[in-house]
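The values are calculated or read from the model by the stated rules, or taken from the named source; none is laboratory data. Since we're looking at a predicted model, the values are computed, not measured. Cβ: placed from backbone, ideal geometry, glycine included. Neighbour counts: every protein chain shown.
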Amino acid sequence: MYRGRFAPTPSGPLHFGSLVAALGSFLRARSLHGEWHLRIEDIDETRCRQEYTDGILRDLEVLGLFWDGTPLIQSRRHEIYREVLDGLNIQGFTYGCNCTRSLIKLNGGHHPEYCRIEGRPWNRGAAIRFKSSSSVTCFTDLVRGFLSRAEFPSENDFLLKRRDGFFAYNLVSVTDDRETGITEIVRGVDLIPDTFGQIELARTLGYPEMSYASLPLALSESGSKYSKQNHAPGLDLRNPVQLLLRAAVFLGQEYPPEIAAAPDNLRVSEFLEYAVSNFDVRKIPVVSRKVPV
């Protein structure tokens with residue numbers, strides 16, 4: 001069975017960029033009669049707040065984007081991540097690292113491998129990195145086709161656990177996708193660089209292969225990604241069908257006049273039923289573009 005997911009970070013309210021990712025993954029899953037799971041990525045508890053988690057759940061319900069099962073909450077899964085990390089260490093796939101971000105930036109965004117060569121142990125205050133072989137040089141994306149790692153430079157020995165003690169994105173994401181049996185990941189194109197390392201980590205852990213579909217990003221008038229860090233405004237849910245229609249059109253989906261011109265006359269469930277039955281992943285555009293605030 002197809003299993004997809006949406007994985008928001010509760011460091012702020014849902015915005016239009018979040019809606020594009022949520023709707024794209026939802027329509028893909030439901031159009032294939034599959035499951036759609038929700039994961040709350042609150043592993044960085046310094047940035048995430050319960051009020052935002054509660055708001056995300058309410059917004060998705062208003063939008064009719066109902067998930068299957070119980071939402072997976074990362075902040076409750078520290079012990080599971082620790083077990084996975086310990087297993088990687090026993091197999092010799094990790095090392096301790098005290099390099100700063102500025103040092104890595106000076107090295108062109110790559111870890112200089114001093115720590116790896118020295119075989120530094122895990123120490124208090126040290127980060128933990130994955131000994132990458134960079135063996136994953138390409139993958140095929142459902143939307144963008146063949147993708148080469150040379151086109152999307154990424155950090156070689158990526159983090160598994162940060163210096164401040166928080167588990168890193170790549171470790172928890174790969175672990176959680178396995179936990180919920182995700183078969184395909186539909187998410188923003190900005191995460192393509194991370195995908196090469198995540199595929200390698202999943203193979204190292206013996207996890208099954210998944211497929212990927214990268215969605216275009218919604219950009220602000222300045223050309224930056226709609227994001228919480230860039231203060232993207234939260235969703236105005238007074239007209240949920242209009243919001244859903246706008247996000248679906250952004251994803252390249254086309255609708256007849258009775259749908260496109262009269263969203264106020266439709267219930268959320270009616271629009272989503274039509275959107276699911278007429279969803280065409282081949283129409284999703286490759287190019288990210290600006291959307292009005």
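Annotations
- Options Asp177, Asp190: the member that is acidic (Asp, Glu) and either out of contact with any helix residue (DSSP H, G or I) (no Cβ under 9 Å at 6 or more places or on another chain) or over 22 Å from Phe158 (Cα atoms) (or both): Asp190
- Scan of region 123-179 for residues that are hydroxyl-bearing (Ser, Thr, Tyr) and either surrounded by fewer than 17 Cβ atoms within 10 Å (Cβ to Cβ) or at pLDDT below 95 (or both), ordered by number: Ser132, Ser133, Ser134, Ser135, Thr137, Thr140, Ser148, Ser154
- Among (1) over 22 Å from His33 (Cβ atoms); (2) at pLDDT below 95; (3) assigned to a loop (DSSP other than H, G, I, E, B), the one test that Pro285 misses: (2)
- The condition of being modelled with pLDDT of 95 or more, part of a strand (DSSP E or B), of a type in the set (D, E, K, R) and within 17 Å of the chain's Cα centre (by Cα) holds for only one of Arg39, Arg28, that being Arg39.
- Test: Ser75 is part of a helix (DSSP H, G or I) and either exposed (fewer than 13 other Cβ atoms within 10 Å of the Cβ) or in contact with a Ser or Thr (Cβ under 9 Å, 6 or more places away or on another chain) (or both): no
- Single match in Ser102, Ser25, Ser18 (criterion: in contact with a helix residue (DSSP H, G or I) (Cβ under 9 Å, 6 or more places away or on another chain) and among the hydroxyl-bearing types (Ser, Thr, Tyr)): Ser18
- Looking across Ile192, Ile199, Ile185, one residue alone is in contact (Cβ under 8 Å) with a residue 40 or more places away in the chain and either in contact with a Pro (Cβ under 6 Å, 6 or more places away or on another chain) or not in a helix (DSSP H, G or I) (or both). It is Ile185.
- Top-ranked residue in region 245-273 [being under 26 Å from the mean Cα position of the chain (by Cα) and without any contact (Cβ under 8 Å) to a residue 24 or more places away in the chain; ranked as surrounded by the fewest Cβ atoms within 10 Å (Cβ to Cβ)]: Val249
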